[in-house]
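Values quoted throughout were computed directly from the atomic coordinates according to the rules given, and no laboratory measurement underlies them. These numbers were taken from a predicted model, which means no experiment stands behind them. Every residue, glycine as well, gets a Cβ built from its backbone with ideal geometry; the counts of neighbours run over all protein chains shown.
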Amino acid sequence: MKNKILGYHGGGYSGCFWEPNFAYADKSGKIHDLYSSGRDGMFDKGKQIHEIKDLDCLQTYPITQKGVDKMLKDYREDFVVGIVKILIDKHGLELGVKCGKCNQIADPHDVTFESYKGDGGIGVIHDGVICPDCYSAGTCQKCEEYCGDLNSYGLCDYCQSEIEKNIPQVQILSEVISKGYDKLAEISKLNPKCAKKYNKQHDQACHDISKEIAELIEAEVNKM
Ligand SMILES: [Zn+2]
Ligand SMILES: [Zn+2]
């Protein structure tokens, strides 16, 4: 076996799930441990190359960007990012990881993760590779936290509503819009034909008021 990344089920610990383990077969066929753990971890137990075929759930990947892309689909993303870092730092390979948002190939040392969840034990699984460009594009201008999708002001929903709350005029205008909707619903019940006509005016009014609200918010955002 040459020029391959090997993934296999390392041992779990008692009462726990298995952990993904990785090794690397270089161009001469020499096997290097990348990460091994638990009772079946290859290098923990001093296993040798001829035993590799006996490794649990062995999967092999070419040392190419496509191979890494496939690994990201097969294993925990934070593990794969760590493995690619080792391949670069220790073995001098030129590889990157694909950003889950823009598909750009990024240096694994620079990426962050979109979310994290518990692993059923005390650990945390990080998921969703985010490249530096997507990270800064998705970071709220006000709270400076990564929120993913921001509105057109570059704010998260929470900061947007906080800003709105602090502009009295926006409060009043928003109320006008919501009262307009109530009125529209009332008219629709009483006279659907009339509601149709009113609806047009209402749409125009909402459009104008929303524009004014947007200007007020923008002025506030520009002050930040
Ligand atoms: Zn990206
Ligand atoms: Zn925010």
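Remark: the stretch 178-218 carries a charge dipole of roughly 460 debye about the Cα centre, counting +1 on each Lys and Arg Cβ and -1 on each Asp and Glu Cβ. With 5 Å bins beginning at zero, the pair-distance distribution over Cα atoms of the stretch 157-223 amounts to 3, 17, 23, 18, 14, 10, 8, 5, 1, 0 %. Among 81, 221, sorting on how many other beta-carbon atoms sit within 10 Å of each Cβ, with the fewest leading, yields 221, 81.
Between 188, 115, 174, which gets the highest mean-square fluctuation from a Gaussian network model of the chain, Cα cutoff 10 Å? In the Gaussian network model the winner is 188. The angle between the Cα long axis of helix 192-223 and the longest principal axis of the Cα atoms of the chain comes to about 60 degrees, rounded to the nearest 10.
Dipole orientation for the chain: of the candidates 148, 192, 214, 192 has the Cα lying most toward the positive pole (charges on Cβ; Lys, Arg +1; Asp, Glu -1).
Legend: ranking of residues 69, 203 from fewest to most surrounding C-beta atoms inside 10 Å; resulting order 203, 69.
Taking amide H as placed 1.01 Å from N in the peptide plane, residue 93 has its amide H under 5 Å from the amide H of 88, each at least 5 places away in sequence or on another chain. A cut-off of 5 Å between modelled amide H atoms, ignoring neighbours fewer than 5 places along the same chain, links residue 114 with 127, 128, 129, 130. Placing a label point 7 Å from the Cα of residue 103 along the Cα-to-Cβ direction, the residues of the stretch 134-161 whose backbone N falls under 17 Å from that point are 134. Using 1/(1 + (r/R0)^6) with R0 = 25 angstrom and r between the beta carbons of residue 141 and residue 177, what's the FRET efficiency to the nearest 0.05? With R0 = 25 Å, the Cβ-Cβ based efficiency is 0.50.
Over all pairs of different C-alpha atoms, the chain has a mean inverse distance whose reciprocal, the Kirkwood radius, equals 21.9 Å.
Label-to-label distance for residue 73 and residue 1 is 2.1 nm, based on points extended 7 Å past Cα in the beta-carbon direction. Simple spin-label estimate for residue 191 and residue 57 gives 6.9 nm between the two label positions (7 Å along the Cα-to-Cβ direction from each Cα). Label sites at residue 124 and residue 90, each approximated as a point 7 angstrom past Cα along Cα to Cβ, lie 2.5 nm apart.
Residues of the stretch 130-147 with an amide N closer than 20 Å to a point placed 7 Å from the Cα of residue 162 along the Cα-to-Cβ direction: 136-147.
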